[in-house]
Amino acid sequence: MKDYDLLIARLRRQIEEATERLQQVEAERAAYEEQRRRRSAYLSSREILDLLAARHGRTGSMASIKRWADEGHLGAVIDEREAFPLLTGKQGNKRFLYPRQDVFRFLYQKGLLTPAYDVLDRVRITRGTRQEWAVVISAELAVDCFRYHVQVEGSGEVVVGIPETELHPPERPAAPLPVP
């Protein structure tokens, strides 16, 4: 009987320890996810340069971003390591973060950030399970992305507030075959 009692006591202790560890890990994961969610509202200098390169194919400089930040154009600057300690995995220089909303507004006002689609561009939108063709009527800068008003070609319906990520360029037709 004693062997069973010892085994049961040891297993209960292991279960208690595992339960405590599980609660710790779940709390750490929740804190990590919360920091990731909050971090998405900010851009680093590198992310700003990548955004400019993706939009215009041009490279900026860290000096320009620092100057804009020093002049207050990019909003309140925070240190990534202090604000999001669970997310930092890199060692070395400080990484400053700027509020995404302020960065987008400044770059848009400066003419460095423009919508991907112009008025009268033909785009594809996905609605439910089907894709439809639409024409861009207008584009406006929302908090941290461009939102579009489009008119669906088939029905003439105007759809407002579509995020840029939900619009797709039309498929390019294949190049014609050369004539022999």
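The values are calculated or read from the model by the stated rules, or taken from the named source; none is laboratory data. Small disclaimer: the values here were computed from a predicted structure and weren't measured. So basically every Cβ, Gly included, is an ideal-geometry build from the backbone, and we count neighbours across all protein chains shown. Heavy atoms of the whole protein, side chains included, go into the accessibility calculation; ligands, DNA and RNA do not. Shrake-Rupley method; radii C 1.70, N 1.55, O 1.52, S 1.80 Å.
Can you tell me which residue is most open to solvent (accessible area, probe 1.4 Å) among those in region 88-100 that are out of contact with any helix residue (DSSP H, G or I) (no Cβ under 6 Å at 6 or more places or on another chain) and at pLDDT 90 or above?
Result: Arg100.
Each row is one residue, and each column tells you yes or no for (1) more than 30 Å from Ala30 (Cβ to Cβ); (2) in contact (Cβ under 8 Å) with a residue 40 or more places away in the chain; (3) in a strand (DSSP E or B).
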position: Lys66; (1), (2), (3): yes, no, no
position: Ala76; (1), (2), (3): no, no, no
position: Glu82; (1), (2), (3): no, no, no
position: Leu113; (1), (2), (3): yes, yes, no
position: Thr126; (1), (2), (3): yes, yes, yes
position: His149; (1), (2), (3): yes, no, yes
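Can you confirm whether region 71-82 contains a residue that is more than 20 Å from the chain's Cα centre (by Cα) and surrounded by 13 or more Cβ atoms within 10 Å (Cβ to Cβ)?
yes
So Pro85 fits all but one of (1) open to solvent by 70 Å² or more (accessible area, probe 1.4 Å); (2) touching a Leu at 6+ places or on another chain (Cβ under 9 Å); what number is the exception?
The one condition Pro85 does not meet is (2).
For region 1-59, name all the residues that are assigned to a helix (DSSP H, G or I) and touching a residue at least 60 places away in the same chain (Cβ under 8 Å).
Residues satisfying the conditions are Leu51, Leu52, Arg55.
Does at least one position in region 139-152 carry a residue that is modelled with pLDDT of 85 or more, open to solvent by 70 Å² or more (accessible area, probe 1.4 Å) and either within 30 Å of Lys66 (Cα to Cα) or β-branched (Val, Ile, Thr) (or both)?
Yes: one or more hits.
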